1. Among A:142, A:174, which is the only one that is within 10 Å of chain B (Cβ to nearest Cβ) and either touching a residue at least 60 places away in the same chain (Cβ under 8 Å) or of a type in the set (Gly, Ala, Ser) (or both)?
2. For the stretch A:115-126, which positions are in a loop (DSSP other than H, G, I, E, B), of a type in the set (A, V, I, L, M) and more than 7 Å from every other protein chain (Cβ to nearest Cβ)?
3. Somewhere in the stretch B:102-114, is a residue of a type in the set (A, V, I, L, M), at pLDDT 95 or above and either within 16 Å of DNA strand C (Cβ to nearest atom) or assigned to a loop (DSSP other than H, G, I, E, B) (or both)?
4. Across the stretch B:120-139, what is the number of residues that are within 22 Å of residue A:112 (Cβ to Cβ) and crowded, with 18+ Cβ neighbours inside 10 Å?
5. Among what's in the stretch B:28-79 and is basic (Lys, Arg) and away from DNA strand D (no atom under 11 Å from the Cβ), pick the residue that is surrounded by the most Cβ atoms within 10 Å (Cβ to Cβ).
6. Working only within the stretch B:28-63, note down all residues that are free of Cβ contacts under 8 Å to residues at least 12 places away in the same chain, under 25 Å from residue A:121 (Cα atoms), within 8 Å of DNA strand C (Cβ to nearest atom) and part of a helix (DSSP H, G or I).
7. Any idea how many residues of the stretch A:10-27 are more than 13 Å from DNA strand D (Cβ to nearest atom) and within 14 Å of chain B (Cβ to nearest Cβ)?
8. So residue A:14 clears everything in (1) of a type in the set (Gly, Ala, Ser); (2) within 23 Å of the chain's Cα centre (by Cα); (3) modelled with pLDDT under 95 except one condition, right? Which one?
Number of protein chains: 2
Amino acid sequence: MNTSSTAETGTDGGTVTRLLDAAARLFYEQGVGVGIAALCEAAGVSKRSMYQYFDSKDEVLAAALARSAPGHLARLLPGPYDTTTPRARILGVFERIEQTAADPGYRGCPFVSIASEVKVADHPARAVAREFHDQLTAFFRGALVEAGVRRPDLLAQQLTAVHDGFFSGSSVQGRPLRGLATSMAATLLDAAQVGTSRRSGTAAAPST
Amino acid sequence: MNTSSTAETGTDGGTVTRLLDAAARLFYEQGVGVGIAALCEAAGVSKRSMYQYFDSKDEVLAAALARSAPGHLARLLPGPYDTTTPRARILGVFERIEQTAADPGYRGCPFVSIASEVKVADHPARAVAREFHDQLTAFFRGALVEAGVRRPDLLAQQLTAVHDGFFSGSSVQGRPLRGLATSMAATLLDAAQVGTSRRSGTAAAPST
DNA sequence: GTGAAGGTACACCGATCGGTTTCGCTCTGA
DNA sequence: TCAGAGCGAAACCGATCGGTGTACCTTCAC
């Protein structure tokens, strides 16, 4: 692990932060094939310093991914003071997903990409990607439980798959597939009767 | 391009075929980072021969992917003599998709993976992946038109996204997400009223 | 002043990368 | 019988890979 105190806290205000931010950007833009030298140069950090905080390139990759996860999730999920219906909150996520795809420099979901690029099963970066995935699913599940859906686990998993499918489909096509994520999510929510007319929590249709 | 006559026809019965098959396998198992030397050794082909048929590693990658595409598609799509309903044919695709995920050595859809791994926008392999994608969508669209669906293009694109989402979701989780693809497809078909009770070809909604 | 801590600069390591070249063997068709 | 194409083995090229070792600089507490 090889972590110094300043690296953990981030109060360093420099070296490690710069390194991880640059790493997240370069790995996202160019893939995991980016070399250490290019990484350090972009971050303005010497290789010597990098290897003082991390034992290997793989650790840097995982740490950079882990550092970017909270911000990425916060950009997609509704704020803590969003009091709209579960349906609106869920659909909002997919609207923001499609908005990010319109960005120049957009290259898909970094976590989905990493999971495809890194073939080693127990690579630390894969665990980070999986955790992001789980948190997204957990958000969906929470909103669906609030809406009184019959099978919140399955539907939450399906909505996460919509997220994944939108990103990798757009990746294959080389262009953002506008409207695809929101329309799929809406259909899935309709089928589960998660509508705006339904008050959150007051489940009305318990049968089958 | 640098293609000799024997390479094009494939009647060579050896060198090129062995090379592309080994390339498809290794690239799929280990990613595009596999070296030329490992590739040639696995194929039992010298580098010298390889560079007589292909100008670069990138061309080998694209050719290997293109060679594997028809078989991959044939394994997923129904046979030409499948006379079941459009719904059954579509759901059959997703059942087969989930079956392939149960294979040991399964590592996701090779075309979706390549699109994630290769960052260069105009890489020839990306075009191959896109074509596979388009053919899958075209199959869905054909079946949906036959079923008389109102918006076959959108629904076909959604079903392809289910395919993508299943594979990349399973990739992130590191395990096949059993039942996810079939359940999503079934919901989407239900919402579009593509049911077994509906006769194929006897479209009831003629609009668009 | 002094020494430890944290940092940069840079040469360096062995390994491997994509790609080229040379050599010699084998097969084939005239 | 012999020319020539096809191909494998292997040396070789310059570049780059991930990772180290060393020397020097700055900052700051004492």
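1. Working: A:142 fails: within 10 Å of chain B (Cβ to nearest Cβ).
Sole residue among the options that is within 10 Å of chain B (Cβ to nearest Cβ) and either touching a residue at least 60 places away in the same chain (Cβ under 8 Å) or of a type in the set (Gly, Ala, Ser) (or both): A:174.
2. First, pick out the residues of the stretch A:115-126 that are in a loop (DSSP other than H, G, I, E, B): A:118-123.
When the remaining residues are screened for being of a type in the set (A, V, I, L, M), the result is A:118, A:120-121.
Scanning the stretch A:115-126 gives A:118, A:120.
3. Initial filter on the stretch B:102-114 (of a type in the set (A, V, I, L, M)): B:102, B:112, B:114.
Among the residues that remain, those that are also at pLDDT 95 or above are: B:112, B:114.
Next, from what is left, pick out any that are either within 16 Å of DNA strand C (Cβ to nearest atom) or assigned to a loop (DSSP other than H, G, I, E, B) (or both): B:114.
Yes; the residues of the stretch B:102-114 include at least one that is of a type in the set (A, V, I, L, M), at pLDDT 95 or above and either within 16 Å of DNA strand C (Cβ to nearest atom) or assigned to a loop (DSSP other than H, G, I, E, B) (or both).
4. So the answer is 9.
5. To start, the set of residues in the stretch B:28-79 that are basic (Lys, Arg) comprises B:47-48, B:57, B:67, B:75.
If we keep only those that are away from DNA strand D (no atom under 11 Å from the Cβ) as well, we get B:57, B:67, B:75.
Numbers: B:57: 17, B:67: 19, B:75: 11.
So the residue we want is B:67.
6. Residues of the stretch B:28-63 that are free of Cβ contacts under 8 Å to residues at least 12 places away in the same chain, as a first pass: B:30, B:33-35, B:37, B:41, B:46-48, B:51, B:56.
If we keep only those that are under 25 Å from residue A:121 (Cα atoms) as well, we get B:30, B:33-35, B:37, B:41.
Filter once more, keeping what is within 8 Å of DNA strand C (Cβ to nearest atom): B:33-35, B:37.
Result: B:37, single match.
7. Matching residues across the stretch A:10-27 total 1.
8. All conditions are met except number (2).
The values are calculated or read from the model by the stated rules, or taken from the named source; none is laboratory data. Note that the structure is predicted; figures quoted are calculated from it, not measured. Every residue, glycine as well, gets a Cβ built from its backbone with ideal geometry; the counts of neighbours run over all protein chains shown.
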